[in-house]
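The values are calculated or read from the model by the stated rules, or taken from the named source; none is laboratory data. The model shown is predicted, which means the values in this text are computed figures rather than measured ones. Here the Cβ is made from the backbone with ideal geometry for all residues, glycine too, and neighbour counts use every protein chain on show. The area values use the complete protein model at the heavy-atom level, side chains included, leaving out ligands, DNA and RNA. Shrake-Rupley method; radii C 1.70, N 1.55, O 1.52, S 1.80 Å.
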Amino acid sequence: MLSHLRSIGLALKHTFAKRETIQYPDEKVDLAARYRGRIVLTRDPDGMERCVGCYLCAAACPVDCISLQATNDESGRRYPEFFRINFSRCIFCGYCEEACPTYAIQLTPDYEISEYDRKNLVYEKEDLLIAGQGKQHGYNFYRVAGMAITGKDKGEGQNELPPVDVKGLMP
Amino acid sequence: MAKIKINGKEFEVDPKKNLLEASISAGYDVPYFCWHPKLGSIGSCRQCAVVKYRDENDTVGRLVMSCMEPASEGSIISTDASQAVEFRSNVIEALMTNHPHDCPVCDEGGECHLQDMTVMSGHQTRRYEFGKRTHKNQYLGPFINHEMNRCIQCYRCVRYYRDYAGGDDLNVFSSRNRVYFGRANDGVLESEFSGNLVEVCPTGVFTDKTLKKHHTRKWDLTTAPSICTHCSVGCNTIVGERYGTIRRVYSRYNEQVNGYFLCDRGRFGYEFMNSDKRIKKFVVNGSFDGVTKESAFDFIVKALKGKKIIGIGSPRASLETNFTLKQLVGNENFSVGLSHKDYQLAKLAIDTLKNGNVRTPSLKEVEQCESVFVLGEDITNTAPMLALSIRQAIKNITKTKADKAGIPLWNDAPAREIIQDAHGPLHIAAPMASRLDDVANSTYFSAPENIARFGYVVAHFIDSKLSLPSGLTEEVTSKARKIASDLLSTAKPLIVSGVHCKNEDVLKAASDVAQALKTAGKDVRLSYTFEESNTVGAVLLDGKSLEEVFETKAEVLIIVENDLYRRLSTEKIDSYLSKFEQVIVLDHNCTSTTKKATVILPVGTFTEADGTFVNMEGRAQRFYQVFVPESDTIESWRRIAQIATAIDKPFDQKNFYDFTESLVINNAQFTGIETLAPPPDFKVQGQKIARESLRYSGRTAMKANINVHELKPIEDADSAMSFTMEGYHGQAPTSLITSYWAPGWNSAQAINKYQIEVGGALHGGDPGLRLIEPSKTNFKFYQSNPDAFKVSGSGLKGVPVYKIFGSEELSSKAAAVKERVSESFILLNSKDAAKADVKADETIEISLNGQLSSVKVLIQDDLADGLAGISAGYCGINPEMTDVTIKK
Ligand code: SF4
Ligand code: SF4
Ligand code: SF4
Ligand code: SF4
Ligand code: FES
């Protein structure tokens, strides 16, 4: 009896509590930047594609919905030739973002990606690549890496000494 | 056997090994870099530290490098003592101070020995904050990519390249932490075995440049065990596919055959399968517009109705394909696809091995021989990996020197110091200088006839009952006498010859030398090289030669995986082909023959089909389909079965296993090849063996752009493997090893875990079955007594010159290999060149048995007078090339 009364009391109390229901789509929910929604590919501070085609996101993906092919431009810079995410399989776990060594792949707070036709949920690189850096500002993988690309020769990366003179005789 | 204790457990080990080998063989994970089972130890990386105790009462012990300590009786070590663990983690941290932040863009990543060892040694966070040393890279040719920043100075590359493979254009330069591994100047790596650097280098300094073009991680490859198709050695490979194209070829360990290595033709020749010359559609009367499988087969059915068919198989097609074709057309109408001359040569070689009393060696046995005599072959270009084995064989005799000094052979630096440049006897008799000459004690250059005679002279000096050819100069006889005494001075001589100088007497002379040594009580081996991956299999299967089969009257010709223009002159083949109403060609790449076809049926390459090849040793080896192509291609043997069904003569056999079984029933000499692989219903723990790794990625996305619904994976009815990641991932039976992986070992060094003892046989035995053993029944001395070569008045005698890149049909269609193929050439000595009034590097017109070719003149002064070396197998070169006239 007592528990019944307590339950009724609780229900009554909730009737007067602040409403959590949001009048979607008239009202939008305010989500944190770290919310795991639609995935994007970002660019580095120089405006170049950040993704270096390392395949780590694809390997980390538990539902295997990322597929890509790496290729190189003449300067030796590696980037994805194609990059495809099948959002009809994606479970928005964020493992890809965690695996990415370049901050290229990021989940965004956009969740409004429903489609009537499942094949419209297959996103190619054109659909994924955004103009900006996303959540992570300032990082440029190629400035840290040892690979030479146009505009950054050997020894010009962060924390790098000039290339060794192999013919040098100094001890 | 010595008793040692590792981590408190007792093991019986070979005292000739070191403690690192013993520990790894015992199953412990001890990190290492500079040691390699084939290269021994030099103790330079300091990564393999363990604690060794004086005796049971010693609780402190001392740090030792396990690769530098013999596994002597009573040794007590601990691989996980805290001292050792801490030391190793400090060492790796130091090694990594200069390491670039490259893993994501490094092609080694995911199968990097350095990554594995870093994790194994427990180094995680970088503390070193100062600048990193950097290096400039070099251009090393179309095969190898150089990224010197990643080097950890283990010295494996130079030790492999120089000491093991005999190259001299890769070296180490500079001093202290600036040491640089590369060439003196940018340029193509000259060694024919440079590709092994990819596997030998534990980091991403040397990586596969062809893989870079379509880079794929190891875990994303669909892989299957395969056999190299580019020569008769039959090296074992693992071939990887992704998105419908072949991505790379890796060596597959087989102790008896190629061990850890491959030659560059085998490793980089795979790109022919991705070339735009691939045939992927049905073609009828020169067009594939509107042609479907049904319409092509309708055409065939009409064309074949009531007609007599001739079938031409191929020495580059599998046994099963040749057998199926033979079954379709009948024994009388089947040819193995070799010219009469080539067929006779191959048959002579095989019969000699079968009937003689000398065993033909596996490459492992070659490496155990002590002296070598080569007759008429440039092995490095005709059977590359055999040349690498010969380079090891001649080191054997000198090893006793180290042994006497009490230096174990794994202790590489002191052993080399004692041995210096000394090596056992290697003598070469060939038409001209070859790559192995750099380690040869003597060379004899002359025409093939004279090489044969020279062989008989050597045989005579071994066994004086054998006749001595007449009319020899003193110089020749004394050279031969020296060779005979050198061969007799060792217990295990090896005689090598082959079909490539197209002379039966050379083969016979080689056999006589070997038989003479056998009679003298030597443990001798005789090795013959053949032209193609399945020449031995095709000849064993038996069929007619081309000339013979074309004598049969018939209306329809079916040619399977064979370019007849590589067998006989254009004129002959043109006239043969013109006699048929229909020429049906089954092939995977466009050739001169497919141009003449009325119907072309697309079939799979060796990665799109299962099959068996028989190598030069008579070893039958199974290769497996790697992936199912999305084009119209299917296996040749299956295509032939489709033709049989279409013309209402269906075969009983359904899958690959059935064909192999009936092959064995029809040809007793192939008995046993049905056991080369487990049957298709074989399962481990209720599962087929998976071709894809557990980490295989992208399966719900890779084809989503075409169809968002994933289709049911295709089942493999022909083998015990699955085409997907579903299946068994542990250690499969050795013939089904799809990739090397063990927990903590992502690189190819995981092979250690697949071997009973590191560097030894695989658990479960090395795959393959020898079909040729000496029967000793009909053995005889040939004593064919050929006439000496005479320079004829006007013309020159052509001798084929083989090049590792260019002479083999399929690999020369591969993009990277193409970059290494020279123009067609003619070799002349200066005297003959002056006589013909041609100069070096000039392009001239020559006639080869009446067929014109334009070739570049190269001067080679060790070539005998009256001989012309012709680039064999090159585009547009007449395979019949005995008579050469220079037209200009
Ligand atoms: S993990 Fe990042 S850099 Fe690597 S492929 Fe994925 S998005 Fe590109
Ligand atoms: S060599 Fe290995 S550790 Fe070094 S960058 Fe390449 S993958 Fe990474
Ligand atoms: S290049 Fe590779 S094999 Fe050679 S020393 Fe450096 S890490 Fe070792
Ligand atoms: S030696 Fe022959 S079989 Fe071996 S890898 Fe080279 S081409 Fe292939
Ligand atoms: S493996 Fe022992 S020191 Fe390098």
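For this structure, a couple of remarks:
- Selection of region B:182-226 for residues being more than 14 Å from chain A (Cβ to nearest Cβ) and without any contact (Cβ under 8 Å) to a residue 24 or more places away in the chain yields only B:E190.
- Test: residue in region A:11-24 that is within 14 Å of chain B (Cβ to nearest Cβ) and either open to solvent by 30 Å² or more (accessible area, probe 1.4 Å) or within 16 Å of ligand 3 (Cβ to nearest atom) (or both): no
- Scanning region B:778-795 for residues that are open to solvent by 50 Å² or more (accessible area, probe 1.4 Å) and either farther than 26 Å from B:A459 by Cβ or hydrophobic (A, V, I, L, M, F, W, C) (or both) yields B:F779, B:F781, B:V791, B:S792, B:G793, B:S794.
- Test: residue in region B:682-689 that is touching a Leu at 6+ places or on another chain (Cβ under 6 Å), open to solvent by less than 40 Å² (accessible area, probe 1.4 Å), farther than 21 Å from B:D542 by Cα and assigned to a helix (DSSP H, G or I): no
- Hits in region A:1-45 - residues which are in a helix (DSSP H, G or I) and of a type outside the set (K, R): A:L2, A:S3, A:H4, A:L5, A:S7, A:I8, A:G9, A:L10, A:A11, A:L12, A:H14, A:T15
- For region B:227-247, filtering for residues that are in contact with a Gly (Cβ under 6 Å, 6 or more places away or on another chain) and within 14 Å of another protein chain (Cβ to nearest Cβ) leaves 1.
- Test: residue in region B:506-524 that is within 19 Å of B:P879 (Cβ to Cβ) and open to solvent by 10 Å² or more (accessible area, probe 1.4 Å): no
- Leading residue by the ranking (nearest to the other protein chains (Cβ to nearest Cβ)) among those in region B:648-681 that are open to solvent by 40 Å² or more (accessible area, probe 1.4 Å) and in a loop (DSSP other than H, G, I, E, B): B:D681
- Qualifying positions in region A:49-73 - within 16 Å of ligand 2 (Cβ to nearest atom) and small (G, A, S): A:G53, A:A59, A:A70
- Screening the candidates A:G157, A:G138 for the property of being more than 23 Å from B:K218 (Cα to Cα), assigned to a loop (DSSP other than H, G, I, E, B) and at the interface with another protein chain (Cβ under 9 Å from one of its Cβ atoms) yields one hit, A:G157.
- Complete set of residues in region A:44-69 that are in contact with an Asp or Glu (Cβ under 6 Å, 6 or more places away or on another chain) and in contact (Cβ under 8 Å) with a residue 24 or more places away in the chain: A:R50
- Residues satisfying the stated conditions in region B:124-139, i.e. in a loop (DSSP other than H, G, I, E, B) and open to solvent by less than 30 Å² (accessible area, probe 1.4 Å): B:G131, B:H135, B:Q138
- Of the numbered criteria (1) farther than 23 Å from B:K212 by Cα; (2) in contact with a helix residue (DSSP H, G or I) (Cβ under 9 Å, 6 or more places away or on another chain); (3) free of Cβ contacts under 8 Å to residues at least 60 places away in the same chain; (4) within 16 Å of ligand 1 (Cβ to nearest atom), the one A:Q106 fails is (3).
- Taken over region B:231-275, the criterion of being assigned to a loop (DSSP other than H, G, I, E, B), of a type in the set (F, W, Y) and within 13 Å of the chain's Cα centre (by Cα) is satisfied by B:Y253, B:Y260, B:F261.
- Here B:S693 meets the list (1) in contact with a helix residue (DSSP H, G or I) (Cβ under 7 Å, 6 or more places away or on another chain); (2) of a type outside the set (A, V, I, L, M, F, W, C); (3) free of Cβ contacts under 8 Å to residues at least 12 places away in the same chain almost entirely, failing just condition (3).
- So A:E81, is it modelled with pLDDT of 95 or more, part of a strand (DSSP E or B), open to solvent by 20 Å² or more (accessible area, probe 1.4 Å) and more than 16 Å from ligand 4 (Cβ to nearest atom): yes
The rows are residues; the columns are (1) closer than 22 Å to B:N196 by Cβ; (2) open to solvent by 40 Å² or more (accessible area, probe 1.4 Å); (3) more than 16 Å from ligand 1 (Cβ to nearest atom); (4) in a helix (DSSP H, G or I).
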| residue | (1), (2), (3), (4) |
| --- | --- |
| B:Q344 | no, yes, yes, yes |
| B:L348 | no, no, yes, yes |
| B:N381 | yes, no, yes, yes |
| B:M385 | yes, no, yes, yes |
| B:T400 | no, yes, yes, yes |
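- Only strands (runs of 3 or more DSSP E) whose full extent lies in region B:156-230 are considered here, and the ones with at least 3 residues that are within 16 Å of ligand 2 (Cβ to nearest atom) are B:206-208.
- On inspection, B:C48 passes the criterion of being in contact with a Ser or Thr (Cβ under 8 Å, 6 or more places away or on another chain) and either of a type in the set (A, V, I, L, M) or assigned by TED's automatic domain parsing to the domain that holds B:E12 (or both).
- Residue match in region B:140-147 (condition: farther than 16 Å from B:Q749 by Cβ, in contact with a His (Cβ under 7 Å, 6 or more places away or on another chain) and open to solvent by less than 10 Å² (accessible area, probe 1.4 Å)): yes
Residue by residue, here is whether (1) away from ligand 2 (no atom under 16 Å from the Cβ); (2) more than 14 Å from chain A (Cβ to nearest Cβ); (3) under 27 Å from B:T207 (Cβ atoms); (4) touching a residue at least 60 places away in the same chain (Cβ under 8 Å) holds:
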| position | (1), (2), (3), (4) |
| --- | --- |
| B:S23 | yes, yes, no, no |
| B:A26 | yes, yes, no, no |
| B:G40 | yes, yes, yes, yes |
| B:G61 | yes, yes, no, no |
| B:A71 | yes, yes, no, yes |
| B:A81 | yes, yes, no, no |
| B:R88 | yes, yes, yes, no |
| B:E93 | no, yes, yes, no |
| B:D102 | no, no, yes, yes |
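- Any hit, region B:802-822, residues being more than 29 Å from B:G604 (Cα to Cα) and either touching a residue at least 40 places away in the same chain (Cβ under 8 Å) or open to solvent by less than 50 Å² (accessible area, probe 1.4 Å) (or both): no
- Only a single item in (1) surrounded by fewer than 20 Cβ atoms within 10 Å (Cβ to Cβ); (2) in a strand (DSSP E or B) is not met by B:G876, and it is number (2).
- Checklist (1) surrounded by fewer than 21 Cβ atoms within 10 Å (Cβ to Cβ); (2) at pLDDT 95 or above; (3) not hydrophobic (A, V, I, L, M, F, W, C) applied to B:E845, failing item: (2)
- Taken together, the residues in region B:23-48 that are under 20 Å from B:S72 (Cβ atoms) and either surrounded by fewer than 24 Cβ atoms within 10 Å (Cβ to Cβ) or in contact with a Pro (Cβ under 8 Å, 6 or more places away or on another chain) (or both) amount to 8.
- Residue check: B:V172 meets all listed conditions (1) open to solvent by 20 Å² or more (accessible area, probe 1.4 Å); (2) more than 14 Å from every other protein chain (Cβ to nearest Cβ) but one, namely (2).
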